[in-house]
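Here the structure comes first, spelled out in structure tokens, and everything after it is commentary.
Throughout, read-outs are computed from the coordinates displayed, never taken from laboratory work. Quantities reported herein were computed from a predicted structural model and do not represent experimental measurements. Every residue, glycine among them, receives a Cβ derived from its backbone with ideal geometry; neighbour counts consider all protein chains shown.
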Amino acid sequence: MPGVDAGGAVAVALPREEAPPRRAFAPFATLLPFMVVGRVHGQEEAARAASPHDALERMLTWLLADDDATAVWYLREDWPTALTMVGRPARGVVGEARRQAHLFRLEPGAVLYGSITACCGAELGLPEIEWLPVGAGMPCECCLVLNGTGD
Ligand SMILES: [Zn+2]
């Protein structure tokens, strides 16, 4: 019988101790970087959101449910980095030709309400922004340049 020739292949298996560390953070938390907080019918409300779009949807739900509701959203204060998001004026807010996308830098813990200013200085009202998936829209040149050379 020729016997089983392992060819030394088993020698490449890593010791268990060298497996990469797992579970450094809760996986779901990475998908929900945004917080929405507010007061609806006199009750404190808080919710997580996956994107500015989802955060805005949640806010609008509260504001429709209660005329006196207040709500703000922000990038979670424990998020490790600032995020750059792409947004443009929603349809109907400005003429089609002016629906230029801009880059918005969101700092962890910086509460957003009213309006937000893009890298290039363009200011948009928060409820009037259509948020785009990163890479989906071509931001204005000014935003691109300023974002690329910024801090
Ligand atoms: Zn811009």
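Which pairs have Cβ atoms under 9 Å, sit 6 or more apart or on different chains, and link a residue in the range 113-130 that is over 15 Å from TYR74 (Cα atoms) and within 12 Å of the ligand (Cβ to nearest atom) to one that is aromatic (Phe, Trp, Tyr) and in a strand (DSSP E or B)?
Note: pairs meeting the criteria are ALA118/PHE104; CYS119/PHE104; LEU124/PHE104.
Does ALA82 satisfy being more than 10 Å from the ligand (Cβ to nearest atom) and in contact (Cβ under 8 Å) with a residue 12 or more places away in the chain? Even if it seems obvious, please write down each step before you answer.
Numbers: more than 10 Å from the ligand (Cβ to nearest atom): yes; in contact (Cβ under 8 Å) with a residue 12 or more places away in the chain: yes.
Yes, satisfied.
State the number of residues belonging to the range 91-112 that are more than 11 Å from the ligand (Cβ to nearest atom) and either aliphatic (A, V, I, L, M) or closer than 20 Å to ASP78 by Cβ (or both). Give the derivation first.
If we filter the range 91-112 for residues that are more than 11 Å from the ligand (Cβ to nearest atom), which is where we start, we get 91-99, 105-112.
Now narrow it down to the ones that are either aliphatic (A, V, I, L, M) or closer than 20 Å to ASP78 by Cβ (or both): 93-94, 97, 105-112.
Looking only at that region, the number is 11.
When both residues are 6+ apart or on different chains and their Cβ atoms are under 6 Å apart, which pairs have a first residue that lies in the range 33-55 and is in contact (Cβ under 8 Å) with a residue 12 or more places away in the chain and buried (at least 16 other Cβ atoms within 10 Å of the Cβ), and a second that is hydroxyl-bearing (Ser, Thr, Tyr) and part of a strand (DSSP E or B)?
Once the first residue is in contact (Cβ under 8 Å) with a residue 12 or more places away in the chain and buried (at least 16 other Cβ atoms within 10 Å of the Cβ) and sits in the range 33-55, its partners that are hydroxyl-bearing (Ser, Thr, Tyr) and part of a strand (DSSP E or B) give MET35/TYR74; GLY38/THR70.
Do you know which residues across the range 90-114 are exposed (fewer than 15 other Cβ atoms within 10 Å of the Cβ), over 22 Å from LEU32 (Cβ atoms) and not β-branched (Val, Ile, Thr)?
Taking the range 90-114 first, the residues exposed (fewer than 15 other Cβ atoms within 10 Å of the Cβ) are 91-92, 94-98, 107, 109-111, 113-114.
Okay, now just the ones that are also over 22 Å from LEU32 (Cβ atoms), so 91-92, 94-98, 114.
Listed by number, the residues that qualify are ARG91, GLY92, GLY95, GLU96, ALA97, ARG98, GLY114.
Output yes when any residue across the range 131-142 is away from the ligand (no atom under 12 Å from the Cβ) and farther than 21 Å from LEU32 by Cα, and no when none is. Even if it seems obvious, please write down each step before you answer.
Quick first cut of the range 131-142, residues away from the ligand (no atom under 12 Å from the Cβ) only: 131-136.
From what's left, farther than 21 Å from LEU32 by Cα: none.
Scanning the range 131-142 turns up no residue that is away from the ligand (no atom under 12 Å from the Cβ) and farther than 21 Å from LEU32 by Cα.
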